[in-house]
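Notes follow once the structure below has been shown.
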Amino acid sequence: MSSAIEAEHVGKMYSLKDGEVGLRDLSLHVEQGQVLALLGPNGAGKTTAIRGLSTLLQFDRGSARIAGYDVRRDAAKVRERIGLVGQHAAVDEQLTARQNLRFFGRLRGLSREASTERAGALVEQFGLGEAQNRAVSGYSGGMRRRLDLAASLIVSPQVLFVDEPTTGLDPAARRDLWQSLRDLVRSGTTILLTTQYLEEADELADQIVLLARGVVVAQGSSDDLKAMVGPSVIQIRFATGTDADAALPTLGRIDGGANLDSSGMRVTLPAASNGALSRTVELLAAAGIAATEVTLRKPSLDEVFLTLTGDAAATKETA
């Protein structure tokens with residue numbers, strides 16, 4: 001499998017009155033047809049990374065290649081092979097969806113006939129058929145975002161950069177956009193997206209790079225990052241605090257011990273081994289103690305984020 005995105009120690013810093021912000025050091029390797037999410041608080045360097053990799057700015061240091069082409073020496077060839085969806089819609093609000101897409105097709109060098117044909121296909125693909133002849137100014141946020149994504153695909157890109165794709169969208173619109181991105185990946189497009197939504201990274205990404213203060217603090221799959229925080233835990237909920245108190249001595253026999261949470265009705269213990277869940281159920285049954293719910297839970301990406309970035313969310317956002 002060939003590499004679609006490669007970056008070696010790239011960086012771009014900005015000077016402010018109280019110090020420097022930006023991207024200090026980032027290395028990436030993304031295979032063709034994968035999704036990589038850059039996750040991090042404001043000011044971590046996510047947007048700077050997108051702009052540098054898409055040739056909108058030059059990195060101060062390091063090297064990067066997109067679809068085999070150097071982003072500095074071969075910028076024009078890189079731009080021929082990528083699509084970019086920025087944080088703000090790039091479409092003209094006075095035009096209709098179809099007019100916008102035809103316009104972008106002509107900008108990308110398609111003939112009048114080819115741009116019209118491609119616009120029609122994208123309108124249907126992104127569910128804009130009923131609104132295709134209305135001015136974009138009357139579109140909802142989700143419809144505008146879908147149109148913005150469609151415009152980036154007027155010429156099918158090998159690599160698509162998506163900067164915080166669902167900011168401001170309602171849950172239904174977010175999930176519609178997620179499905180559109182999944183469809184693109186199935187067709188072979190490589191996607192690099194930035195997001196502050198942990199659920200989004202969990203849903204979409206094959207690999208996650210967690211940035212804080214411009215450097216990589218963790219990298220791997222969602223499960224890899226969750227494992228860095230700690231093992232899975234077993235949570236047992238009881239109908240009453242009396243039942244929970246009665247269960248503590250029994251559950252304390254499992255490696256790692258058991259803890260009663262502040263509600264007084266839920267006990268948590270580490271899943272220290274593969275058989276910990278079944279042993280928990282067996283011990284409760286043998287002791288004649290009924291639980292209303294027994295679940296096995298991995299650490300969440302929220303916990304990963306807070307643990308590994310520390311107070312990075314307090315840093316200032318950079319361009």
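The values are calculated or read from the model by the stated rules, or taken from the named source; none is laboratory data. Source: prediction; values computed, not measured. All Cβ positions, even for glycine, are placed from backbone atoms using ideal geometry, and neighbour counts span all protein chains on display.
Tell me which residues, restricted to segment 1-42, are among the small types (Gly, Ala, Ser), within 26 Å of residue 183 (Cα to Cα) and under 21 Å from the mean Cα position of the chain (by Cα).
Of all residues in segment 1-42, those among the small types (Gly, Ala, Ser) come to 2-4, 7, 11, 15, 19, 22, 27, 33, 37, 40.
Applying the additional criterion that residues be within 26 Å of residue 183 (Cα to Cα) yields 2-4, 7, 33, 37, 40.
If the condition is that a residue be among the small types (Gly, Ala, Ser), within 26 Å of residue 183 (Cα to Cα) and under 21 Å from the mean Cα position of the chain (by Cα), then 3, 4, 7, 33, 37, 40 are the ones that fit.
Residues that are surrounded by 21 or more Cβ atoms within 10 Å (Cβ to Cβ) and of a type in the set (Gly, Ala, Ser) were ranked within segment 9-53; the one that is nearest to residue 196 (Cα to Cα) is 40.
Evaluate the following for residue 244: is it farther than 22 Å from residue 166 by Cα and assigned to a loop (DSSP other than H, G, I, E, B)? In short, no.
Evaluate the following for residue 74: is it surrounded by fewer than 16 Cβ atoms within 10 Å (Cβ to Cβ), in contact with a strand residue (DSSP E or B) (Cβ under 9 Å, 6 or more places away or on another chain) and at pLDDT 95 or above?
Numbers: surrounded by fewer than 16 Cβ atoms within 10 Å (Cβ to Cβ): no; in contact with a strand residue (DSSP E or B) (Cβ under 9 Å, 6 or more places away or on another chain): yes; at pLDDT 95 or above: yes.
So residue 74 does not fit the description; no.
When segment 159-215 is filtered for residues that are closer than 10 Å to residue 39 by Cα and modelled with pLDDT of 90 or more, the ones remaining, listed by number, are 193, 194, 208, 209, 210, 211. Inspection of segment 248-264 finds no residue satisfying the criterion of being surrounded by 14 or more Cβ atoms within 10 Å (Cβ to Cβ), in a strand (DSSP E or B), modelled with pLDDT of 85 or more and not assigned by TED's automatic domain parsing to the domain that holds residue 171.
Regarding segment 188-207, can at least one residue be identified that is farther than 25 Å from residue 45 by Cα and touching a residue at least 24 places away in the same chain (Cβ under 8 Å)?
Going through segment 188-207, the residues farther than 25 Å from residue 45 by Cα turn out to be 188.
Of the ones still in play, those that are also touching a residue at least 24 places away in the same chain (Cβ under 8 Å) are 188.
Within segment 188-207, one or more residues are farther than 25 Å from residue 45 by Cα and touching a residue at least 24 places away in the same chain (Cβ under 8 Å).
Just one of 218, 172, 201 is small (Gly, Ala, Ser) and in a strand (DSSP E or B); which is it?
Values: 172 fails: in a strand (DSSP E or B); 201 fails: in a strand (DSSP E or B).
That would be 218, the only listed residue that is small (Gly, Ala, Ser) and in a strand (DSSP E or B).
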